[in-house]
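The values are calculated or read from the model by the stated rules, or taken from the named source; none is laboratory data. What you are looking at is a predicted structure, and each value in this text was computed from that prediction instead of being measured. So basically every Cβ, Gly included, is an ideal-geometry build from the backbone, and we count neighbours across all protein chains shown. Surface areas here come from the heavy atoms of the whole protein model, side chains and all, with no ligands, DNA or RNA. Shrake-Rupley method; radii C 1.70, N 1.55, O 1.52, S 1.80 Å.
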Amino acid sequence: MPAQLKYLHRQIGWHSLIGHAAGFAIAFWVLGFVTLEGSMRPMMYALFAVLAATGITFSSLVTEVDTTGFSAQFGPLKWPGQRAGLSEIAGVLPARTSIAAGWGIRVTTRGWLYSVSGRGAVIVGLRNGKQFLIGTDDPVGLADAINNSLPQAADFTKIRGAK
């Protein structure tokens, strides 16, 4: 029997898309107005490839809760991402990330962060004591969807910094 979907949300990575568009504009300007010699032209094409790959990857973040677990996946390729079974999750709290935390995939003082835009997030505390953050423009809705789907009562004491 397939898992029943309980929550599905796609956040568009506007900051990422705008940043990548600016990168493409600058790179096209360089190609048009700067004489590139030797290995510089192939390096510029490599830059275009990297901009395209990262732009597609970080264009959106899809968060999903079903009867078996929670997942957060980047872009149309749904990679990279994070997944946790509902039985592994102790509890989830809405949060805000610092400006310094930024976007993308990175380590923060509160765990790994997966984000495409904005400062809204949820902290997912696991029963084994580990935790990670998922960026979202619907932190309360996502936290409620996960907490209400847990097979046990949420235990926020497993989340570092929870009050």
So for the pair ILE18, ALA46, with labels modelled 7 Å out along Cα→Cβ, what separation do we get in nm?
-> 3.1
Carbon plus sulfur fraction of accessible area for region 51-163, probe 1.4 Å, in percent | 57
Would you list, by chain and number, the aspartates and glutamates whose Cα falls below 16 Å from the Cα of LYS6, excluding same-chain residues fewer than 8 positions away?
-> GLU64, ASP66, ASP138, ASP144
Who wins for biggest fluctuation among GLN131, GLN152, GLN73 in a Gaussian network model of the chain, springs between alpha carbons below 10 Å?
-> GLN152
Restricting region 74-113 to trypsin sites (Lys or Arg not before Pro) in coil, as DSSP defines it, with at most 15 other Cβ within 10 Å | LYS78
Rounded to whole Å and sorted largest first, list the principal axis extents of the Cα atoms in the chain.
-> 64, 38, 23
With both partners inside the chain, how many of the DSSP beta bridges are antiparallel, as a percent to the nearest 5?
-> 90
GNM of the chain, Cα pairs under 10 angstrom: of THR108, THR136, THR35, the biggest fluctuation goes to THR35
Taking every C-alpha to C-alpha distance in region 27-83 and binning by 5 Å from 0, the per-bin percentages run 4, 17, 18, 14, 10, 10, 9, 7, 5, 4, 2, 1
Once normalised by the length of the chain, the mean sequence separation of its alpha carbon contacts under 8 Å that are 6 or more apart gives a contact order in percent of 22
Which of the GluC sites (Glu not before Pro) found in region 37-133 are loop residues per DSSP with 16 or fewer other Cβ atoms within 10 Å of their Cβ?
-> GLU37
